[in-house]
Amino acid sequence: MFNDLSSTAALLATRRSGKARDLAAPGPDDAQLRQILEAAMRVPDHGKLAPWRFVVIPLDQRDAFAAMLRAAYLKANPGAGRLELEAMDQFAQQAPVMVAILSTPAAGSKIPVWEQELSSGAACMNMLIAAHAQGFAGNWLTAWPAFNEDVLVSLGGKPNDRIAGFVFIGTQVKPLEERPRPTYEAVVSTWKGG
Ligand SMILES: Cc1cc2nc3c(=O)[nH]c(=O)nc-3n(C[C@H](O)[C@H](O)[C@H](O)COP(=O)(O)O)c2cc1C
């Protein structure tokens, strides 16, 4: 199962994101989610610091999570209107599985913080790939909640931590169309010295 490189290549070539709001049940069960999160733990990590934490926000906590987002949003935007607050509810209620990924760089390490933060991005990407391998679709979003200090604290984050994003996972209910991609030539070049 894990050494079929041709199917792995096909997986990488076909993966694309669903839209979090279109991800329906069923989502990964507990064993599948564990496998996804274990894949996320197997990312390059200079210094073996494990500078990331994954916080699962289960369905029975979504109302409480939405209430926390609303309170944080209102505190940051005292004049917020109904639609803005509803957007917080909608964010919290998406997809059967929701995981917050915290970048938790080790302070005082000789490994640059940038490298540690890149590792948390790799963890998010591995989650998406592992979810796709199980037949689910995923979506990595930041949006307003990822940049708010109160939200970070509610997820257990400390002052130098950051929210790398929220990965939503479920079953894609609408057919996915490919999106425009950059051309190979626009992105890839060959270095020629001298
Ligand atoms: C760190 C990060 C944050 C993102 N945040 C958002 C977001 O808040 N809202 C959004 O519509 N897309 C966001 N995206 C884009 C989607 O995750 C995704 O890249 C896009 O829907 C197409 O993905 P695909 O190339 O995997 O199909 C974000 C991507 C990254 C890497």
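The values are calculated or read from the model by the stated rules, or taken from the named source; none is laboratory data. The model shown is predicted, which means the values in this text are computed figures rather than measured ones. Note that we place each Cβ from the backbone using ideal geometry, even for glycine, and neighbour counts take in every protein chain shown. Areas reflect the complete protein model, heavy atoms only, side chains present, ligands, DNA and RNA absent. Shrake-Rupley method; radii C 1.70, N 1.55, O 1.52, S 1.80 Å.
Using the Kyte-Doolittle scale, find the helices of the chain whose mean hydropathy is at least -0.5 and whose Cα atoms extend 15 Å or more along the helix's long axis, counting only whole DSSP H runs.
Long hydrophobic helices here: 30-41, 62-76, 82-92, 113-133.
In cubic angstrom, how much convex hull volume per residue do the alpha carbon atoms of the chain span?
Spread over its residues, the Cα hull of the chain gives 185 Å³ apiece.
What value, in deg cm²/dmol to 500, does the helix sum -39500 (n - 2.57) over DSSP H runs of n ≥ 4 give at 222 nm once divided by the residues of the chain?
Calculated at 222 nm, the ellipticity per residue is -12500 deg cm²/dmol.
Where nothing but the Cβ of Lys and Arg (+1) and of Asp and Glu (-1) is charged, how large is the charge dipole of the chain around its Cα centre, in debye to the nearest 20?
320 debye
Stretched out fully, how many nm does the piece from Q93 to E177 gain, at 0.36 nm a residue minus the Cα gap?
27.9 nm
Counting only other residues whose beta carbon sits under 14 Å from that of F147, what net charge do I get with K and R as +1, D and E as -1?
-1
What is the Cα centroid distance between the stretch 177-194 and the stretch 22-79, reported in whole angstrom?
Their Cα centres are 32 Å away from one another.
Give the lysines reachable from K75 as a straight Cα distance under 29 Å; neighbours fewer than 8 places away on the same chain don't count.
Excluding near neighbours in sequence, the set is K19, K158.
Quick one: with all protein chains in place, what share of the accessible area of the chain is carbon or sulfur, to the nearest percent (1.4 Å probe)?
58 percent
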